[in-house]
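Okay, structure first, notes after.
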Amino acid sequence: MASLDEREVGMAPAPGSSSAAVGVGDPVAGVAAMQDEVNIRREGPESDLEEPPKKRAKVTEEESGKLEERLYSVLCCTVCRDLPKASVYQCTNGHLMCAGCFIHLLADARLKEEQATCPNCRCEISKNLCCRNLAVENAVSELPTECTFCLKQFPRSSLERHQKEECQDRVTQCKYKRIGCPWQGPYHELPAHEGECSHPTKTGTELMGILGEMDQNHRRDMQLYNSIFSLLCYEKIGFTEVQFRPYRTDDFITRLYYETSRFTVLNQTWVLKARVNDSERNPNLSCKRTLSFQLILKSKVNSALECSFLLLKGPYDDVRIKPVINHHSFSNDTNETEYVPLPISDSVECNKLLAAKNINLRLFIFQVQK
């Protein structure tokens, strides 16, 4: 066996190692030096520790504008090619339609007795097959748009509030409009105008003429409500929910019409019928659409039955109907009224009714006592 001195000599470190400067026979100092070298290699150079974090590249105005243009083309309605202003519907393949175009497609299909289809992929669409796309609605509401008064950019979700309440250039009217001041102009000019307006200094005679016109308009508006209150005092009053179902005529060129099932009011049997645009040949080609209806007495009566009647919206519909009172004297010879307009506000409301599977309304009949 080799002696202890020979083993100590064999353990001497090789030249150039980190422990070369340590004296032979000092193993504790050699281990410490090796540990320091390992720690330095793990930590790496000081330049790596002091490297600053990378910053995100700023998006230029030009790139932002291009992004907005791309979003406009992606989120627009496939029918009118404009950004939706309210609800957004999509077909089963994901093509987007604004609420107005969606209802219009369903109404056109009802008039032509066809199945409504998506104009992009021709898949079937209906209120049951299509659903709203809330993600697109929220994305569209955040896209910038221009105020029509001050020409500044605002998110679409806040534009309406800005134009009605906040914009200093919005068109407004003088607070003395009720006594005849015709001025209108930008909001920021309103205080200066009201300070110079001559209408507060009008004489009593001039004001009485203006107030007379206002009273006349008010009386005309109140006449309908007074008539309804008078009808509510009648002894015999009946009402019911009616449901118009779509049908087709047997003519060579079929026409759409609506009819209710028979119902009983005031112990008499009745039927309601309705038609589109007074049964014109191609109502689907017309931009203006109207509905008219008639009330038919199916029972036999011994004497004339004088009645007032009106249609109102049903309890579960959102169609806007302005009530109009109609009168007719029913007998066995005159058991049908003339077709009278259904008092809806515009063609948009008419399309809502045509797009629905059925039209649900409420009928009131007041029997005039002799």
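Restricting the stretch 275-294 to residues that are touching a residue at least 60 places away in the same chain (Cβ under 8 Å) and among the hydrophobic types (A, V, I, L, M, F, W, C), which is most open to solvent (accessible area, probe 1.4 Å)?
287
Taking the stated definitions as given, is residue 305 within 34 Å of the chain's Cα centre (by Cα) and surrounded by 12 or more Cβ atoms within 10 Å (Cβ to Cβ)? No, not satisfied. Scanning the stretch 313-323 for residues that are in contact (Cβ under 8 Å) with a residue 40 or more places away in the chain and either open to solvent by less than 70 Å² (accessible area, probe 1.4 Å) or not in a loop (DSSP other than H, G, I, E, B) (or both) yields a count of 5. The residue that is most open to solvent (accessible area, probe 1.4 Å), counting only those in the stretch 117-129 that are in contact with a strand residue (DSSP E or B) (Cβ under 7 Å, 6 or more places away or on another chain) and closer than 19 Å to residue 81 by Cβ, is 117.
Inspect all residues belonging to the stretch 350-369 and state whether any of them is surrounded by 13 or more Cβ atoms within 10 Å (Cβ to Cβ), over 31 Å from the mean Cα position of the chain (by Cα), among the β-branched types (Val, Ile, Thr) and not in a loop (DSSP other than H, G, I, E, B). Within the stretch 350-369, one or more residues are surrounded by 13 or more Cβ atoms within 10 Å (Cβ to Cβ), over 31 Å from the mean Cα position of the chain (by Cα), among the β-branched types (Val, Ile, Thr) and not in a loop (DSSP other than H, G, I, E, B).
The set of residues in the stretch 138-156 being part of a helix (DSSP H, G or I) and surrounded by fewer than 13 Cβ atoms within 10 Å (Cβ to Cβ) consists of 138, 142.
When 190, 211 are checked against the criterion of being in a helix (DSSP H, G or I) and crowded, with 16+ Cβ neighbours inside 10 Å, a single residue qualifies: 190.
Picking from 336, 349, which residue would you name as being modelled with pLDDT of 85 or more, under 26 Å from residue 285 (Cβ atoms) and acidic (Asp, Glu)? None of the other options fit; the residue is 349. Note on the stretch 92-137: residues that are in a loop (DSSP other than H, G, I, E, B), touching a residue at least 24 places away in the same chain (Cβ under 8 Å) and over 25 Å from residue 72 (Cα atoms) amount to 3.
Just one residue in the set 114, 142, 166 is closer than 30 Å to residue 182 by Cβ and acidic (Asp, Glu); that residue is 166.
Elements of the type strands (runs of 3 or more DSSP E) sitting completely within the stretch 225-265 and holding at least 3 residues that are closer than 26 Å to residue 366 by Cα and open to solvent by 50 Å² or more (accessible area, probe 1.4 Å): these cover 236-248. In this structure, does residue 200 turn out to be in a loop (DSSP other than H, G, I, E, B) and either modelled with pLDDT under 90 or open to solvent by less than 70 Å² (accessible area, probe 1.4 Å) (or both)? Here the answer is no, as residue 200 does not meet what is asked.
Okay, residues lined up against (1) under 30 Å from residue 295 (Cβ atoms); (2) touching a residue at least 12 places away in the same chain (Cβ under 8 Å); (3) hydroxyl-bearing (Ser, Thr, Tyr):
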position	(1), (2), (3)
156	no, yes, no
174	no, yes, no
229	yes, no, no
240	yes, yes, yes
244	yes, yes, no
247	yes, yes, yes
250	yes, no, no
272	yes, yes, no
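Results for (1) at pLDDT 90 or above; (2) of a type in the set (S, T, N, Q); (3) farther than 30 Å from residue 352 by Cα, shown as yes or no for each residue.
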residue	(1), (2), (3)
128	yes, yes, no
178	no, no, yes
181	no, no, yes
189	yes, no, yes
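The values are calculated or read from the model by the stated rules, or taken from the named source; none is laboratory data. Predicted model, so just to flag it, every value in this text is computed and none were measured. Every residue, glycine as well, gets a Cβ built from its backbone with ideal geometry; the counts of neighbours run over all protein chains shown. Heavy atoms of the whole protein, side chains included, go into the accessibility calculation; ligands, DNA and RNA do not. Shrake-Rupley method; radii C 1.70, N 1.55, O 1.52, S 1.80 Å.
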